[in-house]
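Bear in mind these aren't lab numbers, they're just calculated from the coordinates by the rules spelled out. Quick caveat: nothing in here was measured; it's all calculated off a predicted structure. Cβ coordinates were reconstructed from backbone atoms using ideal geometry, including for glycine residues, and neighbour counts include every protein chain displayed.
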Number of protein chains: 2
Amino acid sequence: MKQIHVVESVLKASEAAAGENRRRMDAAGLLAINVMSAPGSGKTTLLEKTIPALGAQTPCAVLVGDLQTTRDADRLGPLAVETVQINTGKGCHLTPGQVAEGLRRLDLRQFAYVFIENVGNMVCPAAFDLGEHVRVVLLSVPEGDDKVAKYPTLFQKADAVLLTKVDLLEVLDFDIQRVRDDLSRLNTRAPFIELSSKRGDGMDQWLAWLAGQREVWLNYTK
Amino acid sequence: MKQIHVVESVLKASEAAAGENRRRMDAAGLLAINVMSAPGSGKTTLLEKTIPALGAQTPCAVLVGDLQTTRDADRLGPLAVETVQINTGKGCHLTPGQVAEGLRRLDLRQFAYVFIENVGNMVCPAAFDLGEHVRVVLLSVPEGDDKVAKYPTLFQKADAVLLTKVDLLEVLDFDIQRVRDDLSRLNTRAPFIELSSKRGDGMDQWLAWLAGQREVWLNYTK
């Protein structure tokens, strides 16, 4: 039987690459945010609203992970100072190597924030450190109030949890308390922000959280 | 450097296990349907409506894949003749081995249909044959009309594509023609059924498709 030898250090190499990404971004003075959720939870729409709201004082770059197409990058391109589309082919999450490749295309010193929009997937991205400083997880109202308990790893590692599309609470059965209860068993650290990118609910809270994270991190890296 | 030897035939073993599952289900005279979608597209709700509608003449079993919890199985347990929850832990899709294990818990000769509700994920499940006879892929209106192009592999392999939650078309911007156009480039074989499990739209068409698949397959296995 034919054998393939796999070097045990693959995961270690992935961790090392993530660390290297973080060091490069630290040196450049920018905060990196890994944005994760199921497909269609509103990651791109959130960034479409966030980037202009942050304004020219805190310029943003975006790395966008997708299996195929440049549809998200096409939407974000006109808003962010720079946008890099990473097509993963059949890859179910971004890897630190792909992020390193994306970062190489950017002049990092220009930016205050880099948003890394991961592939839409509630499972695999949770397992990979990309070198980000903070992790934001979105759950949209139409996905249902049972998802925190069903996909615990993703929510456990979140630094902030955003409940998106809250404008649909009026037309859908969704028990926010159930989500809060499930979160309280997994992650008491992350703030829970109820948000509608469409209507604007929660945007102030989200932008304040982002600014606070940047401040904490600037003090830390000083 | 320490090395781990990985036998090349892992994928072949997976294919063999899928083939064995299919043979067992063929021998028992039941049709197996692999139901795939993103988290929260309405797989469980669809089955909640489908199983009673199929009626006692065509009894159903369900295998439900989830990372954690028995929430879906709890919902389906009272409806299906038998329900098996498969918890995959951190596994991002069901494997043929897990399905084989699930099938061993069932007296297969009792059933006309086995629904295999895969883990909510638009990427990884597409790559694994579980031994099913047909593949059904759900896309829900709130996920957005760009998902067929962004997750092509899943839609390419579908035997039927269900657009779910069409009751939300009234409150969301969603271009059905865009989805049809994207599908026409990937998969012209699968019927496209517009469905609302909540309101009942499209259920007749879906049930007719299921009955038709069973008929075709019964003739084929005779």
> Relative contact order for the range B:80-222 using alpha-carbon pairs under 8 Å, separation at least 6, rounded to a whole percent?
Replying inline: 18
> Which ³J(HN,Hα) values, rounded to whole Hz and listed in residue order, are derived for the range B:187-195 from phi using the Karplus coefficients 6.51, -1.76 and 1.60 in 6.51 cos²θ - 1.76 cosθ + 1.60 with θ = phi - 60°, glycine and proline given as x?
Replying inline: 7, 9, 8, 6, x, 10, 10, 8, 9
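Determine the alpha carbon to alpha carbon distance for each of A:Lys49/B:Lys165; A:Lys49/B:Lys157; A:Lys198/B:Lys147; A:Lys90/B:Lys198; A:Lys157/B:Lys198 and list only those over 30 Å.
Working: A:Lys49/B:Lys165 26 Å; A:Lys49/B:Lys157 35 Å; A:Lys198/B:Lys147 19 Å; A:Lys90/B:Lys198 33 Å; A:Lys157/B:Lys198 34 Å.
The pairs that break the limit, which is 30 Å between Cα atoms, are A:Lys49/B:Lys157; A:Lys90/B:Lys198; A:Lys157/B:Lys198.
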> What residues qualify as long-range amide H neighbours of A:Ile116, i.e. H under 5 Å apart, gap of 5 or more or another chain, H built at 1.01 Å from N?
Replying inline: A:Ile33, A:Asn34, A:Val35, A:Leu63
> Considering the rotational relationship between chains B and A, which residue of chain B contributes the beta-carbon of minimal distance to the axis, and what is that distance to the nearest Å?
Replying inline: B:Pro142, 2
> At B:Gly97, with labels set 7 Å past Cα in the Cβ direction, how many nm apart are the copies from this one, shortest first?
Replying inline: 2.5
>> I'd like the antiparallel share, as a percent to the nearest 5, of DSSP beta bridges with both residues in the protein assembly as shown.
In response: 10
> Rounded, prolate or oblate: which one fits the range A:112-175, using the alpha carbon gyration tensor with axes a ≥ b ≥ c (rounded when a/c is under 1.5, else prolate when a/b beats b/c, else oblate)?
Replying inline: prolate
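Please say if the range A:89-222 is rounded, prolate or oblate, where rounded means a/c under 1.5 for a ≥ b ≥ c the square roots of the C-alpha gyration tensor eigenvalues, and otherwise the choice is prolate for a/b larger than b/c and oblate otherwise?
Numbers: a/c = 1.80, a/b = 1.44, b/c = 1.24.
It is prolate, given that a/c is not under 1.5 and a/b is the larger ratio.
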>> Mean-square fluctuation check for chain B, GNM, Cα pairs under 10 Å: which of B:Gly65, B:Gly77, B:Gly212 is largest?
In response: B:Gly212
> Using θ = phi - 60° and the Karplus curve 6.51 cos²θ - 1.76 cosθ + 1.60, what whole-Hz ³J(HN,Hα) does each residue of the range B:74-89 get, with Gly and Pro shown as x?
Replying inline: 4, 6, 8, x, x, 9, 7, 4, 9, 10, 10, 8, 10, 8, 8, x
> Where in the range B:85-125 does the amide nitrogen come within less than 16 Å of the point 7 Å from the Cα of B:Glu20, taken along Cα to Cβ?
Replying inline: B:95-106
>> Test of understanding: extend the Cα→C-beta vector of B:Ile176 to 7 Å, then name every residue of the range B:27-47 with backbone N under 20 Å from that spot.
In response: B:41-43, B:46
> So for the pair A:Val81, B:Lys90, with labels modelled 7 Å out along Cα→Cβ, what separation do we get in nm?
Replying inline: 3.6
> Computed over the Cα atoms of the protein assembly as shown, what is the ratio Rg over Rh, Rh following Kirkwood?
Replying inline: 0.98
> Based on the Cβ-Cβ distance from B:Gln68 to B:Ala211, what FRET efficiency comes out when R0 is 35 Å, to the nearest 0.05?
Replying inline: 0.55
>> Under 5 Å between amide hydrogens, which residues at least 5 positions from A:Glu194 or on another chain qualify, with H placed 1.01 Å from N in the peptide plane?
In response: A:Leu163
> Put the label 7 Å from Cα along Cα→Cβ for B:Thr221; what are its distances to the other copies, in nanometres, shortest first?
Replying inline: 5.9
>> Can you tell me the length gained on complete extension of the stretch B:Thr58 to B:Tyr220, counting 0.36 nm per residue apart and subtracting the Cα distance?
In response: 56.5 nm
>> List the Cys residues of chain A that have no partner Cys with a C-beta closer than 4.7 Å.
In response: A:Cys60
> Expressed as a rounded percentage, what relative contact order does the range A:1-148 have, with Cα pairs under 8 Å and six or more residues apart?
Replying inline: 39
> What are the nm distances, shortest first, from B:Gln57 to its equivalents in the other copies, labels at 7 Å along Cα→Cβ?
Replying inline: 7.0
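Suppose only helical runs count, i.e. DSSP H with n ≥ 4. What mean residue ellipticity at 222 nm does that imply for the protein assembly as shown under -39500 (n - 2.57) per run, divided by all residues and rounded to the nearest 500 deg cm²/dmol?
Calculated mean residue ellipticity at 222 nm is -11500 deg cm²/dmol.
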>> Quick check on the exposure proxy: order B:Tyr113, A:Tyr220, A:Tyr151 from fewest to most C-beta atoms within 10 angstrom.
In response: A:Tyr220, B:Tyr113, A:Tyr151
>> What are the membrane-span-like helices in chain B by this rule: whole DSSP H runs, Cα extent along the axis at least 15 Å, mean Kyte-Doolittle hydropathy at least -1.0?
In response: B:10-28, B:43-54, B:176-186, B:203-221
